[in-house]
1. Say whether the condition of being crowded, with 19+ Cβ neighbours inside 10 Å, farther than 30 Å from residue B:296 by Cα and without any contact (Cβ under 8 Å) to a residue 60 or more places away in the chain is met by at least one residue in region B:387-407.
2. Confirm whether residue B:95 is within 12 Å of chain A (Cβ to nearest Cβ), more than 22 Å from residue A:247 (Cβ to Cβ) and in contact (Cβ under 8 Å) with a residue 12 or more places away in the chain.
3. Examine region A:111-125 for a residue that is touching a helix residue (DSSP H, G or I) at 6+ places or on another chain (Cβ under 8 Å) and under 23 Å from residue A:223 (Cα atoms), and state whether such a residue exists.
4. Only one residue in A:274, A:259, A:201, A:293 is within 14 Å of chain B (Cβ to nearest Cβ) and out of contact with any strand residue (DSSP E or B) (no Cβ under 9 Å at 6 or more places or on another chain), so which one is that?
5. Please specify each residue of region B:71-89 satisfying the condition of being part of a loop (DSSP other than H, G, I, E, B) and in contact with a strand residue (DSSP E or B) (Cβ under 7 Å, 6 or more places away or on another chain).
6. From the list A:248, A:228, exactly one residue is more than 14 Å from chain B (Cβ to nearest Cβ) and either surrounded by fewer than 24 Cβ atoms within 10 Å (Cβ to Cβ) or in a loop (DSSP other than H, G, I, E, B) (or both). Which is it?
7. Can you spot a residue in region A:176-191 that is under 25 Å from residue A:82 (Cα atoms), assigned to a helix (DSSP H, G or I), within 13 Å of chain B (Cβ to nearest Cβ) and modelled with pLDDT of 95 or more?
8. Out of curiosity, is residue B:354 modelled with pLDDT of 85 or more and either outside the structural domain of residue B:332 (by TED's automatic domain parsing) or farther than 23 Å from residue B:428 by Cα (or both)?
């Protein structure tokens with residue numbers, strides 16, 4: 001819980017700094033753009049929270065996101081109604097997740113290796129398939145769902161907010177979600193308590209895929225073309241946000257509120273630097289510093305609990 | 001009869017863990033199981049809880065045969081085991097830990113946290129545990145975690161509760177508290193299986209006792225009609241059948257002296273004790289792991305605080321678990337042998353091979369090729385490679401932790417033979433072993449550990465299985 005609070009404190013300090021030095025940051029238009037730019041990361045970070053809490057990792061979501069984006073574009077060009085485009089994209093993401101999950105839970109491939117393979121295969125497969133071409137000539141119903149920029153933005157934010165609220169509630173109150181925490185806390189104890197840990201693993205990866213698909217749709221509809229190189233580095237952003245938000249990288253611990261704070265903190269730094277007149281090249285360095293602090297905090301806490309000899 | 005197990009047999013890869021085991025547990029009884037290390041107690045419990053499936057035999061609960069046993073089945077039947085290491089979810093709260101053991105239903109079920117907390121409170125109150133249901137389990141002490149496990153078993157409506165060394169990590173006060181809870185559960189008709197090395201405890205708490213030896217049930221007795229001496233006789237009463245090649249060699253000067261133990265050149269000192277008595281910890285301290293230990297070597301006092309310091313002082317340690325602590329399974333014999341002795345910036349494969357070839361002949365390591373990874377060797381030959389690595393450091397003091405555990409008879413004899421050769425050459429050997437005949441057969445003196453301390457060092461001429469076991473159990477009668 002403390003890491004969650006430290007991240008929140010850091011974010012408030014950043015906002016306070018901006019309020020004094022660059023009040024223009026808080027102009028409605030700018031805030032809206034900043035928040036909108038965070039939506040795709042938040043959506044995948046929601047899925048990533050469960051993956052990490054279950055004790056796994058998924059580094060293929062950037063590639064999944066790219067494939068899903070192109071697929072969404074192609075489905076739209078083919079004339080499918082937007083509802084089906086969105087659903088189809090999510091189903092594609094779930095398919096990716098099921099492959100990852102099956103590799104990890106049934107074949108016992110370590111998740112970092114399985115998803116590394118998926119990351120390369122999906123990214124290179126996409127390059128082969130599209131030849132690097134963007135999807136253009138999208139129907140008018142695609143960008144902003146055909147609602148125009150203002151309403152479209154509102155829909156994106158609404159979808160993200162509702163999703164976050166429902167998932168955050170479910171994480172605490174639905175049995176299946178608690179099974180994810182139990183599995184990540186101690187997989188063997190979970191198995192002995194009658195939890196099907198393989199099913200849990202499969203489900204978190206499938207959920208992760210669905211989130212990657214949804215994020216791809218919410219991102220793609222902001223533009224008039226779909227790029228084929230989208231989502232590079234998205235997995236790192238999501239993992240960083242989850243870890244900064246207080247989740248334990250070894251599983252068992254992590255909240256969605258924490259993840260939200262992590263996304264907000266890491267996502268605010270880039271725009272903040274612009275407003276503060278600092279070179280944007282500092283963004284990655286500062287984000288790296290925050291992640292390092294968070295991970296060090298966890299290592300120190302783990303060391304302390306080891307020394308206090310709970311398992312002595 | 002509440003629980004019956006009959007004709008249980010179980011082998012692991014040809015090695016019999018249980019030959020002929022049976023157990024009868026009555027309603028409202030505390031039934032103790034005792035036996036030496038490796039007598040088959042753990043295997044029997046695992047079979048009762050469905051964690052391991054027996055090769056043969058039958059389990060009946062309330063007279064009904066249990067078919068398709070599994071941990072889940074055991075849970076639904078109300079057979080719960082509490083192991084030495086708590087099997088809880090450290091990151092989750094007490095209430096959730098308790099709830100997870102008994103809740104059933106689909107993944108989409110919505111949880112009632114208020115009910116979960118109330119129910120947790122209720123079962124905690126039943127055993128008089130003042131623990132906050134909202135607290136994360138990782139913040140509780142061992143004793144508190146054990147109480148949570150008992151509460152969890154109550155919540156799951158356990159009919160049979162199996163306690164494996166429940167007092168091992170408890171203080172005396174906490175243990176007395178546990179006994180009260182056990183008596184209370186017994187009063188409610190729960191059948192308890194109680195495993196403990198501490199025989200004194202059994203006289204306080206158990207109604208009957210079943211003695212296991214070498215995978216066979218020797219007998220079940222009423223506690224009232226048995227005394228400690230008889231129990232120990234039942235536990236060890238075997239003939240010393242195997243022949244050990246131990247030869248007496250002249251004992252030389254003191255090689256190493258530390259609190260509680262003196263090792264002389266040419267001497268083999270056996271170290272006996274129950275699992276968890278601190279034998280491996282003692283050896284690891286001597287070798288500079290675990291914070292180290294102060295020793296006297298050749299009249300000089302040294303504090304050993306790292307393995308490299310220990311090696312410098314001529315101490316070598318062949319650890320217990322070859323796979324986990326010893327060999328690098330993917331690497332070939334020469335690299336494994338040279339690891340501790342050939343410490344240079346640039347390794348010479350030639351020197352490695354030469355050393356390895358030398359030991360391969362001396363120790364009769366049977367390997368297809370020197371370049372094969374060590375994992376392809378048999379257990380006995382792996383142990384020889386592990387031994388070779390440490391002999392290559394040219395030690396004065398050799399510590400062997402369970403040197404013949406899980407290896408075949410032939411290789412075992414060869415390792416015993418080698419130990420004698422080494423002693424003859426003037427090496428001081430400390431051999432930790434859970435196998436009493438081995439300790440008695442190979443040692444000049446036997447150091448017995450109990451609860452982290454060497455309680456006595458018995459000379460070979462005075463040592464019998466009964467005496468060693470009695471000391472290891474911490475029995476005052478010895």
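1. Scanning region B:387-407 turns up at least one residue that is crowded, with 19+ Cβ neighbours inside 10 Å, farther than 30 Å from residue B:296 by Cα and without any contact (Cβ under 8 Å) to a residue 60 or more places away in the chain.
2. On the way: within 12 Å of chain A (Cβ to nearest Cβ): yes; more than 22 Å from residue A:247 (Cβ to Cβ): no; in contact (Cβ under 8 Å) with a residue 12 or more places away in the chain: yes.
Against the criterion (within 12 Å of chain A (Cβ to nearest Cβ), more than 22 Å from residue A:247 (Cβ to Cβ) and in contact (Cβ under 8 Å) with a residue 12 or more places away in the chain), residue B:95 does not qualify.
3. yes
4. Working: A:274 fails: within 14 Å of chain B (Cβ to nearest Cβ); A:259 fails: within 14 Å of chain B (Cβ to nearest Cβ); A:293 fails: within 14 Å of chain B (Cβ to nearest Cβ).
The match here is A:201.
5. So in region B:71-89, the residues part of a loop (DSSP other than H, G, I, E, B) come out as B:78, B:83-89.
Selection gives B:78, B:83, B:84.
6. Details: A:248 fails: more than 14 Å from chain B (Cβ to nearest Cβ).
Just one listed residue meets the conditions, A:228.
7. Filtering region A:176-191 for residues under 25 Å from residue A:82 (Cα atoms) gives none.
The answer is no; no qualifying residue exists.
8. Details: modelled with pLDDT of 85 or more: yes; either outside the structural domain of residue B:332 (by TED's automatic domain parsing) or farther than 23 Å from residue B:428 by Cα (or both): yes.
It is true that residue B:354 is modelled with pLDDT of 85 or more and either outside the structural domain of residue B:332 (by TED's automatic domain parsing) or farther than 23 Å from residue B:428 by Cα (or both).
The values are calculated or read from the model by the stated rules, or taken from the named source; none is laboratory data. Everything numeric here is computed off the predicted structure, so don't read it as measured data. With ideal geometry, Cβ positions are generated from the backbone for all residues, glycine too; neighbour counts draw on all protein chains shown.
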